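Have a look at the structure below before the remarks.
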């Protein structure tokens, strides 16, 4: 069953949305002209990677030159601290959700990792650097947050950095290209399970205890952008930094917000895509957490505050169909995921645990996540708060409330959910990772005709959903206009 409404917008209403989008874009500029003096924690030393005959692992599949961007990769090195009280464990990170500021356990731990940097021309740069903490759940570095928001970030002129902060990703870099990545290490071999620096043989510490300081120091180096013509982002002046991450990376950035941000103060705002949990309420640092329906079964409701928001997206999965295609393109090029019989795609990594194929829903959560980044940026720059938290309905036990057709109630309801062109569900069995990956089946032309009656009705329903989402502040006006135009140009129910 699709959702219906009596609201039907005419062409002037859609053009008004387009005008709002243009005004919003005009207000986003500001590359600056003076070098930033950025006080605070030490910065990593950055050295551009120039190894003949090799290429970066897990680089974006997007044609950056066509978007007016240049990509460079840097070795990042320095000496990092370990922290007690991050995520409820010490040293470093051992799970949990501490809401307390961390304390330095010890320091001086040498590391060497890498960061990928993408920059626009100076005249296109909007002054904001977005830094992603890579996700390593699949066994290698992947930019799942960029996968959902890449079109927006490049369109709006952000500088983008992708940081390898964890051992799993760094070690896979070395096996994938020993020549390019020899000598990288984020290891520590002095562990104290009780939070002390006691040495326990030669075993490596679990939990990536240096990762938080590595992320701080690499971000600080990019924010300072020192070195003139040899700087990592020549000619650009970074005015503010937004940290992004998905799933386990979002969880680590949740711990960063709660425990490290009060110490470091390098990040100006945070945008999370799935799996983040309770954020402390006493920081004046904007943070928006976008949550999928699929993962909401595992993470219940939590309390937001003056500077934090949670936006739940109905019908969405832990990776969207479109985000998974972005990652699949990276994996196909690099052959970086190895299955029992050889290289496999990210989708093939998910599929064996699925009850129904193919995985993922068509709900484009990237529209909401892109707006979350945009809203955090405006919040940082103007003080204008983001749209309020919007959550799924839950019963007294905390379980999601669903209608007679099994569709979740509440949350942001995009057109792909309210006026779908595919049968789809966010849950998919009980086995990870497909349990949070969902499934979809494209409707046939005859089914679409039966559901919508005619093309005009389909376009009206898409228009209703996307205009509401935009006017409520959960997607950008430009994206609403594009979705409506796509619906108009489609052959659905013709």
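The values are calculated or read from the model by the stated rules, or taken from the named source; none is laboratory data. All figures in this text were calculated on a predicted structure; none of them were measured in a lab. Cβ: placed from backbone, ideal geometry, glycine included. Neighbour counts: every protein chain shown.
Contact map, the range 378-404: residues that are farther than 23 Å from residue 475 by Cβ paired with residues that are at pLDDT 95 or above and in a strand (DSSP E or B), Cβ distance under 9 Å, separation 6+ or inter-chain. Pairs shown: 394/400; 394/410; 401/392; 401/394; 401/408; 401/410; 402/408.
Contact map, the range 431-442: first residue within 12 Å of residue 297 (Cβ to Cβ), second residue part of a strand (DSSP E or B) and modelled with pLDDT of 95 or more, Cβ cut-off under 7 Å, separation 6 or more or different chains; pairs are 438/359; 438/424; 438/425.
Taken together, the residues in the range 101-156 that are assigned to a helix (DSSP H, G or I) and surrounded by fewer than 19 Cβ atoms within 10 Å (Cβ to Cβ) amount to 2. Within the range 74-98, being under 24 Å from the mean Cα position of the chain (by Cα) and either at pLDDT 90 or above or surrounded by 19 or more Cβ atoms within 10 Å (Cβ to Cβ) (or both) holds for 74, 75, 76, 86, 87, 92, 93, 98. Does the range 412-435 contain at least one residue that is buried (at least 24 other Cβ atoms within 10 Å of the Cβ), at pLDDT 95 or above and over 27 Å from residue 387 (Cβ atoms)? Scanning the range 412-435, I find at least one residue that is buried (at least 24 other Cβ atoms within 10 Å of the Cβ), at pLDDT 95 or above and over 27 Å from residue 387 (Cβ atoms), so the answer is yes.
Of 288, 260, 244, 267, which residue is on the phi < 0 side of the Ramachandran plot, touching a helix residue (DSSP H, G or I) at 6+ places or on another chain (Cβ under 9 Å), in a helix (DSSP H, G or I) and crowded, with 21+ Cβ neighbours inside 10 Å? Working first, answer last.
On the way: 288 fails: in a helix (DSSP H, G or I); 244 fails: in a helix (DSSP H, G or I); 267 fails: in a helix (DSSP H, G or I).
On inspection, the qualifying residue turns out to be 260.
Quick check, is residue 299 without any contact (Cβ under 8 Å) to a residue 40 or more places away in the chain and farther than 27 Å from residue 174 by Cα?
On the way: without any contact (Cβ under 8 Å) to a residue 40 or more places away in the chain: yes; farther than 27 Å from residue 174 by Cα: yes.
Yes, satisfied.
In the range 207-221, of all residues being surrounded by fewer than 24 Cβ atoms within 10 Å (Cβ to Cβ) and either assigned to a helix (DSSP H, G or I) or touching a helix residue (DSSP H, G or I) at 6+ places or on another chain (Cβ under 9 Å) (or both), the one that is modelled with the lowest pLDDT corresponds to 208. The single condition from (1) buried (at least 24 other Cβ atoms within 10 Å of the Cβ); (2) over 26 Å from residue 400 (Cα atoms) that residue 235 fails is (1).
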